[in-house]
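Novice: One structure is given below, represented as structure tokens, and several questions about it will come after.
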Amino acid sequence: MAESLSHKWGQILGNLIQEFICETLQQLADEHGFYLDYQKKRKARISKKVSWQDRYGNSHDLDYVLERGGTEETLGLPVAFIETAWRRYTKHSRNKVQEIEGALIPLANTYSQLNPFLGAILAGVFTQGALDQLESKGFKILYLKYENIVKSFTSVGINASFNESTLESEFQNKIEQWKNLSTPDINNIKNQILSLEKYQIDKFMNILEQSFARLVQQVNIIVLHGYLSKRKLLIMLLSISRIIQIINLSLPQQ
């Protein structure tokens, strides 16, 4: 069965958004010395898919994982799990956020000692109920609105909007216009998205960066029974202080 032009145009928009997200996250990863993993060839794993296991041995395919200490050959420790979704219509938005929850919450529980950031970058049209559902589970959300995605295409003369009544001939025209765009044209669309959604993007990225900067500031010691001499207490405090320094030095600084 031939692919519908509506589906093809939706895929073009979705792929562009994925490129934009990947480039934005890669820039952040480079700034902080993290490894950004996404669907691609990587020597550290057999498959192109990014797949992590929870404590019960269940595998979860993911969109993006920021790793501390990760390389092409070695898996690092998860700093952030980020899922993405593009939807033109609201009718499946609730199901999609449930998929995101089902993938990330078990991993968040498995790696709870690392307190990984849980993020969702949603583009297009999602109901407020779907957004609220994710936020109630501890997710941080970046929502790129459909209207602004459409508006970003006007910079290169393309009317990107569509709905269930859009004619096949209109989709064909949009697709042909897209095929004729140059690399600078496509970069211009991405820059327009960045400009139109600057506040939301900056807010999300700042929260993500703040999660990197968590430092151990103090350790409380409670003696449940017995007695600690001043000498033993001093040695213990010096040891703990040194451990805190080592932990904090291992964390990337802003």
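Novice: Say we look at the range 112-126 and pick out the residues that are at pLDDT 95 or above and assigned to a loop (DSSP other than H, G, I, E, B); which of these is farthest from Asn15 (Cα to Cα)?
Specialist: Within the range 112-126, the match that is farthest from Asn15 (Cα to Cα) is Pro116.
Novice: In this structure, is Pro116 touching a strand residue (DSSP E or B) at 6+ places or on another chain (Cβ under 8 Å), in the same structural domain as Ala80 (by TED's automatic domain parsing) and more than 22 Å from Leu28 (Cα to Cα)?
Specialist: no
Novice: Across the range 1-27, what is the total count of residues that are under 18 Å from Ala123 (Cβ atoms), touching a helix residue (DSSP H, G or I) at 6+ places or on another chain (Cβ under 8 Å) and not aromatic (Phe, Trp, Tyr)?
Specialist: 9
Novice: Are there any pairs, at least 6 apart or on different chains, whose C-beta atoms fall under 6 Å, with the first in the range 33-46 and within 10 Å of Val79 (Cβ to Cβ) and the second in a loop (DSSP other than H, G, I, E, B) and at pLDDT 95 or above, and if so, which?
Specialist: Here the result reads Tyr35/Gly70; Tyr35/Gly76, each pair linking the range 33-46 to a residue that is in a loop (DSSP other than H, G, I, E, B) and at pLDDT 95 or above.
Novice: Something else now. In the range 76-110, which residues are at pLDDT 95 or above, out of contact with any helix residue (DSSP H, G or I) (no Cβ under 9 Å at 6 or more places or on another chain) and not in a helix (DSSP H, G or I)?
Specialist: Gly76
Novice: Which one of these is among the acidic types (Asp, Glu) and at pLDDT below 95: Glu197, Glu164, Glu170, Glu135?
Specialist: Going through Glu197, Glu164, Glu170, Glu135 in turn, just one is among the acidic types (Asp, Glu) and at pLDDT below 95: Glu164.
Novice: Give the residues of the range 52-75 that are outside any loop (DSSP other than H, G, I, E, B) and crowded, with 18+ Cβ neighbours inside 10 Å, sorted by residue number.
Specialist: Listed by number, the residues that qualify are Trp52, His60, Leu62, Tyr64, Val65, Leu66, Glu67, Arg68.
Novice: Restricting attention to the range 39-47, does a residue exist that is outside any strand (DSSP E or B) and in contact with a Leu (Cβ under 8 Å, 6 or more places away or on another chain)?
Specialist: The answer is yes, given that some residue of the range 39-47 is outside any strand (DSSP E or B) and in contact with a Leu (Cβ under 8 Å, 6 or more places away or on another chain).
The values are calculated or read from the model by the stated rules, or taken from the named source; none is laboratory data. This is a predicted model, so every value here is computed, not measured. No Cβ is skipped: glycine too gets one built from the backbone with ideal geometry, and neighbour counts run over all protein chains shown.
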